[in-house]
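For reference, the structure is listed below as structure tokens.
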Amino acid sequence: MEDPRVLVDATTGDDAAVYRLSDGRALVVTLDFFTPIVDDPRDFGRIAAANALSDVYAMGGRPLFALNLLSFPRDLLGEGLAEEIIRGGSEKAREAGIPVVGGHSIDDAEPKYGMVAVGEVDPGAMLANDGARPGDDLVLTKPLGTGIVATAIKAGECPPAVLAAAVESMARLNRGAAEAAVAAGAHAATDVTGYGLTGHLGNMARASGVSARIDAATVPVLDGVGALIEAGHVPGGTRRNLADAADSVSYEGEVSETTRLLLADAQTSGGLLIASPPRRTAMLTGELEARGEVAAVVGQITAGAPGHIAIG
């Protein structure tokens, strides 16, 4: 069914659906849930909630309320684990300034948790992924490597300091990054999650009809992740991302296998990747830093074959 009020749907692979209510107001609706990636149930809840809310922020929107989605084995309900998961999600919703107004749960042998997130955005200030323009700077607001860390956790071989840094990053809301992007007049944005940096940038470039370039040396990475890759802790999703991008990514000079894997690493609750007009980039990075966010200029949007990424 065609509806002119639908501003963003699945055709561009964007982060959330957007539905116009009036000239200055539109709903932003998304959902996300997944299996535990850390052992602590409260941290799992915090990360899952931040991840779900991130898709609203990635559109330049403001969350309004959320609904819980929970799958959990009935015979473990007496252990207090489900309560801790929900507690973590509630804490993150409270930090975002929104209520959790309900949800749905099912009996499932494998725990899963996430949220339906509903927000609003001014259609004139929306940060869809199809607005990037040649010459735009690419700014990333969180370090990469959480997929590698999650795989090391499953093997029981993640150093505590690396784990703590990854949890802190994944549980951080993208609210400040979104506010900075809107304030600086960014052209486009997306959050970096399961497809990795190269996958999500490829989606942005295809939707915008442009190419892109990444300067690998400028991409922030969690400390200790390189050693985990060398130890073999690479998730299957990251390797699939790397293989899927083979036809659309080219490498200039010496780009190590470790770097290629990091750029394709399947992230959970990653940062925003923002396409900023060059004259506004200093304002954007200043706004990000003022909010305590990472502000790494990692590349540029270029003219060329839609979706192609050059990495040097």
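Just a few scattered comments:
- Taken as a whole, the condition of being under 21 Å from the mean Cα position of the chain (by Cα) and either hydrophobic (A, V, I, L, M, F, W, C) or surrounded by 21 or more Cβ atoms within 10 Å (Cβ to Cβ) (or both) applies to LEU53.
- Some residue of region 153-165 being assigned to a helix (DSSP H, G or I) and either open to solvent by less than 10 Å² (accessible area, probe 1.4 Å) or aromatic (Phe, Trp, Tyr) (or both): no
- Scan region 22-45 for residues that are in contact (Cβ under 8 Å) with a residue 60 or more places away in the chain and either touching a Leu at 6+ places or on another chain (Cβ under 6 Å) or not acidic (Asp, Glu) (or both) and the total you get is 16.
- Residues that are among the small types (Gly, Ala, Ser) and open to solvent by 10 Å² or more (accessible area, probe 1.4 Å) within region 250-284 comprise SER250, GLY253, SER256, ALA266, ALA282, listed in sequence order.
- Of the residues making up region 189-230, those that are farther than 15 Å from GLY307 by Cα, assigned to a helix (DSSP H, G or I) and open to solvent by less than 30 Å² (accessible area, probe 1.4 Å) are ALA216, VAL225, GLY226, LEU228, ILE229.
The values are calculated or read from the model by the stated rules, or taken from the named source; none is laboratory data. Worth saying up front: this structure is predicted, and the values here are computed from it rather than measured. Methodologically, a virtual Cβ is constructed for each residue, glycine included, from the backbone with ideal geometry; neighbour enumeration extends over all protein chains shown. Only protein heavy atoms, including side chains, enter the accessible area calculation; ligands, DNA and RNA are left aside. Shrake-Rupley method; radii C 1.70, N 1.55, O 1.52, S 1.80 Å.
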